[in-house]
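Okay, structure first, notes after.
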Amino acid sequence: MSSNLALRVQAAPDDLMADLRRLGFTDYEGRIYIELVRQGKPGTAYELSKNAGVPRPNTYNALEALAQRGAVLAVSESPARYVATPPEELLGSIARETTALCNDVSVRLSEMAAPVDDQLVWSLTGDSSIHEKVNRLIVNARESLMIKAADDILARHIDSLTEAGERGVEMLIVVYGPDAKRFTFGPRCRTYIHEGNGLRMGSTDNLFTIAVDHGSMLTAHVTEQVRAVHTSNRPIVNLAESLIRHDYYMAEICTRFGGEIEAAFGPYLRDLRLACFTPEQAETFRQKTGL
């Protein structure tokens, strides 16, 4: 390329070119489309070749390919001039076609797939992927949700839980925190403060446990390194539901008989807890309760 031609070529942004390649554009097609968008007026193959830095023979081939996919339109002949399809129109069309294709392929692959072994326990890592999975479980719930979680973790799913309540999903929620009303989603949702006081202690207060439609569960350890397991294994699902159900029992019992329980076992069930905690758990308990 001559020095004068190099001065006329304005390089296409690398990140934009990379994204266009992901959408199926070749390098030459991407550079020509970007140039047409940038100049905002019809251009000939000769002009586009110079301004986009694409060899002339490749420019004709790229324009033909772009025209076939609806990215450019010929608006005149002798010489042929081209304009770019507006990006929002082009990308909207690509998005619709891609969605339709993915849905079709998904259906066809699902018809071929062997039944999933519901005895498997799947491991998940990463904050965003785990909370996305939790959200999908809530969105897909049809009959029931049972949840035990700290209020700040549960707050990330208020929108999907509200929608579940509007669908009439029955919910039983045990929350670490002071406010049960904030996490009550409709008339079929019962929410209880953990042990009647909502105090976070030990390591289980960092767990998010959810059971869906009595058929699947997920439990996540939400700390610096977020990890979770998910399964439809029936005994494990029953175990998760039992955990939440017994915390509901304790919440009701502590609310009704709190004074008698404290007199028998100390504040926050101190004597029961310290009798079975590890030394590390006991130290955490003392720090959080001051006992």
#### Entry: Cα gyration tensor, segment 128-231 - rounded (a/c under 1.5), prolate or oblate
oblate
#### Entry: Cα-Cα P(r), segment 82-195, percent of pairs per 5 Å interval
2, 10, 14, 14, 14, 13, 11, 9, 7, 4, 2, 1, 0, 0, 0
### Task
For segment 3-89, build the convex hull from the C-alpha positions and give me its volume per residue in Å³.
92
## Note on the structure
Ranked from fewest to most other Cβ atoms within 10 Å of their own Cβ, MET17, MET146 fall in the order MET17, MET146
### Query
Radius of gyration and Dmax for the chain's Cα atoms, expressed in Å?
29.9, 97
### Query
Once the Cα atoms of segment 145-291 are picked out, what are the Rg and Dmax in Å?
15.6, 46
### Task
Sort segment 239-291 into rounded, prolate or oblate with this rule: let a ≥ b ≥ c be the square roots of the eigenvalues of the Cα gyration tensor; rounded if a/c is under 1.5, and if a/c is not under 1.5, prolate when a/b is larger than b/c, oblate otherwise.
oblate
#### Entry: Extension gain, ASN103 back to GLN281 (0.36 nm per residue minus Cα-Cα distance, nm)
59.2 nm
### Query
How large is the helix-only mean residue ellipticity at 222 nm for the chain, computed as the sum of -39500 (n - 2.57) over DSSP H runs with n ≥ 4, divided by its residue count, in deg cm²/dmol to the nearest 500?
-16500 deg cm²/dmol
#### Entry: Length gained when the stretch ILE253-PHE265 is fully extended (0.36 nm per residue, less Cα-Cα span)
2.9 nm
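Read-outs: derived from the displayed coordinates by stated rules, not from any lab. What you are looking at is a predicted structure, and each value in this text was computed from that prediction instead of being measured. For neighbour counting, all protein chains shown are included, and Cβ atoms are generated from backbone atoms with ideal geometry for every residue, glycine included.
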